[in-house]
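The values are calculated or read from the model by the stated rules, or taken from the named source; none is laboratory data. Every value quoted in this text rests on a predicted model; they were computed, and no experiment measured them. Because the Cβ atoms are built from the backbone with ideal geometry, glycine has one as well, and the counts that use them run over all protein chains shown.
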Amino acid sequence: MMRTKTIILSCFILVGIHVFSIDNDSIEKTLLTVTTEPGAIVAEKVIEELNITELLLSNGMKVCLKPTNSYDDEILLNLFALGGWLSFPVEQRASAKYAGTIALASGLGTIDAANLTKFMFKYSVEFSVRTRLDQRSLEASCPVNSTEYLLAIIREYFSHPRYEEQGLAIVMQNTRDAVHHRSRDCDAYFEDLFNALNSQEHPALKPTTESELDNVNVKDSQNIFQQSFSSPEEFTCVIVGRFDVETLKPLILRHLASIPPKPQSPIWQQETIPMPFPKGIVTHEGSCHHNTEGLTRLTFPIALEITPSSFHELEFATQIIETLLRNHLRDTMGTTQAVDVGYVFPLYPRLHPVWLTLQFRSSPKLVKPILNTILKEMKKLWENGPKHKDVEAVNVLFERINTFWNQENSYWLATLSNYYRWQWDPATLNAAQKRLESLSLQELHQILKKTFTIDNYTVVTMYE
């Protein structure tokens, strides 16, 4: 599956601030008192096959509602817009990365950070903000009966943010701690090696440094925040969970649709970000004293153009590769070596470039034999394509996987969010998945040949 990272700003980092405590009733009254007129729904579309309702609000925000029959009594929400820290000058990019979290760490309106934290804890509201390379996003969850509080917090976040030195100090201290400990984190070290090698040291994939944090200041971050989180028309909101659409609509009108539009210049987005993959075969070895076993990852550049159809074809292709390798390693070595096959969008949510990754764990002496075995099987698959029995086995596996994930709120939140990010029509989701069942062996062979080439890849190995 696609590997992405999310850094969550937990509300609990704020509890160290000592302030005068406000009772929850006062906070509730503050949050639920809306001084602006409720907005309106100017367009509505229902996708019956997926039980999805799309709304266009009067302030320009798009909303996708997906009620489910999940056993979890929860609401999951993702609010996002394209355009991120890459859009700002180099000297301001660290400020842009953390602008949203600094605002959250400062509180909302008349509610300071510590009291907001207590309130969110009481009602089990989790709330995180992240500005990525080319995206701004707000992710949240809560029990169904706390939904109005969550929507009210989002309204205040857009309409009445606070921005204080104390919030900046908290976020910077936590970030500096993370940067400091990163050098001792074997997983982080490995990912840095992986990104540096495959992007040829592209600056967009380099981790934040302490010297960059020295450039972060309240003025720049506040200006960037106001530019990034003030225009509701730039944002799409996906809400998934056990709720009734008609019951939720008035709350959306009261809180999300009432966010006043503040038209500003849209955040500029660079059309393309050149990131050529290394030519030929490149290997790199590293070591980490805290690592308990060797980790090896092969990476291939994918030539497949990502569309709604090819996206699901890529998922199917990676599952075929993983199934074949697992079976072969189990038959020849008695163990799968925890082989894992996936794909990565290094500039996510951008769809180019995209890399195929295969990784396994082993003792140092087994790295080369396993690597040779994998490459031999990959070459056979590239030259001859999959066999009918292999495809049938993956079809059965996919059916089980889809049955499981279709019941999970997290699956629907991620899938629908990606469809809207990439401006794909969610109504085509089932058809794109269904098409996999009718693919011929020849078609699958051609898909696999675009997924990797046996003479262009990198190998990163990290030893103890």
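Computed quantities for the displayed model
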| read-out | value |
| --- | --- |
| The listed residue being assigned by TED's automatic domain parsing to the domain that holds K62, within 27 Å of Y419 (Cα to Cα) and of a type in the set (V, I, T), out of T247, T175, T209 | T247 |
| Filter result (outside any loop (DSSP other than H, G, I, E, B) and either in contact with a Gly (Cβ under 7 Å, 6 or more places away or on another chain) or acidic (D, E) (or both)) within region 265-301 | E285 |
| Number of the exception - I224 against (1) over 23 Å from the mean Cα position of the chain (by Cα); (2) β-branched (V, I, T); (3) part of a helix (DSSP H, G or I) | (1) |
| Of all residues in region 175-198 being over 23 Å from S95 (Cβ atoms) and either touching a Lys or Arg at 6+ places or on another chain (Cβ under 9 Å) or aliphatic (A, V, I, L, M) (or both), the one that is surrounded by the most Cβ atoms within 10 Å (Cβ to Cβ) | F194 |
| Selection within region 59-107 - among the hydroxyl-bearing types (S, T, Y) and under 30 Å from D425 (Cβ atoms) | T68, S70, Y71, S87 |
| One residue from E233, E246, E271 being farther than 26 Å from V171 by Cβ and more than 26 Å from the chain's Cα centre (by Cα) | E246 |
| Boolean, R326 is basic (K, R), out of contact with any Phe, Trp or Tyr (no Cβ under 9 Å at 6 or more places or on another chain), in contact (Cβ under 8 Å) with a residue 12 or more places away in the chain and not in a loop (DSSP other than H, G, I, E, B) | yes |
| Tally of residues being within 21 Å of N409 (Cβ to Cβ), surrounded by 15 or more Cβ atoms within 10 Å (Cβ to Cβ) and modelled with pLDDT of 70 or more across region 1-49 | 1 |
| Meets criteria (assigned by TED's automatic domain parsing to the domain that holds K368 and in contact (Cβ under 8 Å) with a residue 40 or more places away in the chain) for A431 | no |
| Conditions (1) without any contact (Cβ under 8 Å) to a residue 12 or more places away in the chain; (2) closer than 20 Å to L138 by Cβ: number failed by G84 | (1) |
| Selection status of S410, surrounded by fewer than 19 Cβ atoms within 10 Å (Cβ to Cβ) and assigned by TED's automatic domain parsing to the domain that holds L298 | yes |
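Yes/no per residue for (1) over 30 Å from G241 (Cα atoms); (2) part of a helix (DSSP H, G or I); (3) without any contact (Cβ under 8 Å) to a residue 60 or more places away in the chain:
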residue: T131; (1), (2), (3): no, no, no
residue: S137; (1), (2), (3): no, no, yes
residue: L151; (1), (2), (3): no, yes, no
residue: I170; (1), (2), (3): yes, yes, no
residue: V179; (1), (2), (3): yes, yes, yes
